[in-house]
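The values are calculated or read from the model by the stated rules, or taken from the named source; none is laboratory data. Just so it is clear, the model here is predicted, and its values are computed rather than measured. We place every Cβ from the backbone using ideal geometry, glycine too, and count neighbours over all the protein chains shown.
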Amino acid sequence: MIEVILYILVFIMGAYFGSFYTLAVYRIPLGIDITRKHSFCPKCDHKLGIIDLFPIFSFIFLKGKCRYCGAKIKPRYCILEVISGLAFVAMAYSLNINIYNLEIDKLVILGFSFLYFAGLFIIAGIDKEKITVQKEVLIYTIIISVLYMLYLYIVQKLTIYRYIIYLIIILLLVIIDTLKIRRKAKESYLLNLLILAIAMSMFTGESVFLLTGIYTLLCCVLYVTLKKISIKNTKYVKKDKDEKVKLPIAFFMVTCNTIMYIFCEYIINYVK
């Protein structure tokens, strides 16, 4: 029973993180402060009260509408809160967290994982909407990966040389991207994807990222195929139907990396 209560608390924590993700996904591309500015309805700008801010429950009790102007709240907000809560529970379970025998090492890894998920989920949400990798969030994810790397080096005595190589590559890519921005006033989506891939490799390991890459490729192929079938079956197609399908690659990378990371941790901790 105590174990169930523990995982319920973890789910609630994840749901609150998910609520923050939805806020960040909306505000960051618009340049709105995500920490000091009070939550508000994007339709009527009314400040939200406590009853409006309970993850999942507020959406259900308010029937998916703003309490002040009646505007519909997109279901994706509630869906992201549920997914975040489930991801937190899955991560805790994969590490075999036991309330009767808490291991500090596993709790630290769990804490880093939650912070890592924060960066990934916000990147995925923005990419799904805008097809772009937000640089500020990407830098946050890199910082979390570096801090986790230092923890592994100090506590678990893992070799640091490969991580130094990763950091050098990231630095070079950032310099190249900066020069490209100065020349074309536009960030490179591909370079940001490469930086994200390196950050994932640093945090989850090369083997996990290899699986991430394979499944991301499969997701992209399936997505393009379904898109083309949908366009072909649509009666009224725009004249520019031959335009390339825009792929939210970072979204697929985050989804696959999260699943592979949790799955591999489960294998390590349960399959002896």
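Looking only at residues of the stretch 183-234 that are more than 19 Å from residue 120 (Cβ to Cβ) and among the charged types (D, E, K, R), we find that the one that is modelled with the highest pLDDT is 227. Within the stretch 47-62, the presence of at least one residue that is part of a helix (DSSP H, G or I), of a type in the set (Gly, Ala, Ser), free of Cβ contacts under 8 Å to residues at least 24 places away in the same chain and over 21 Å from residue 112 (Cβ atoms) is confirmed.
Can you tell me which residues in the stretch 116-143 are surrounded by fewer than 19 Cβ atoms within 10 Å (Cβ to Cβ) and in a helix (DSSP H, G or I)? The answer is 128, 129, 130, 135, 136, 139, 140, 143. Looking across the stretch 146-175, just one residue is of a type in the set (Val, Ile, Thr), surrounded by 12 or more Cβ atoms within 10 Å (Cβ to Cβ) and farther than 27 Å from residue 187 by Cα, and that is 160. Inside the stretch 147-168, residues that are at pLDDT below 90 and assigned to a helix (DSSP H, G or I) make up a count of 15. Just one of the listed residues (22, 35) is loosely packed, with under 11 Cβ neighbours inside 10 Å, of a type in the set (S, T, N, Q) and under 23 Å from residue 117 (Cβ atoms), namely 35. Residues that are surrounded by 13 or more Cβ atoms within 10 Å (Cβ to Cβ) and closer than 29 Å to residue 270 by Cβ do occur in the stretch 1-8, at least one of them.
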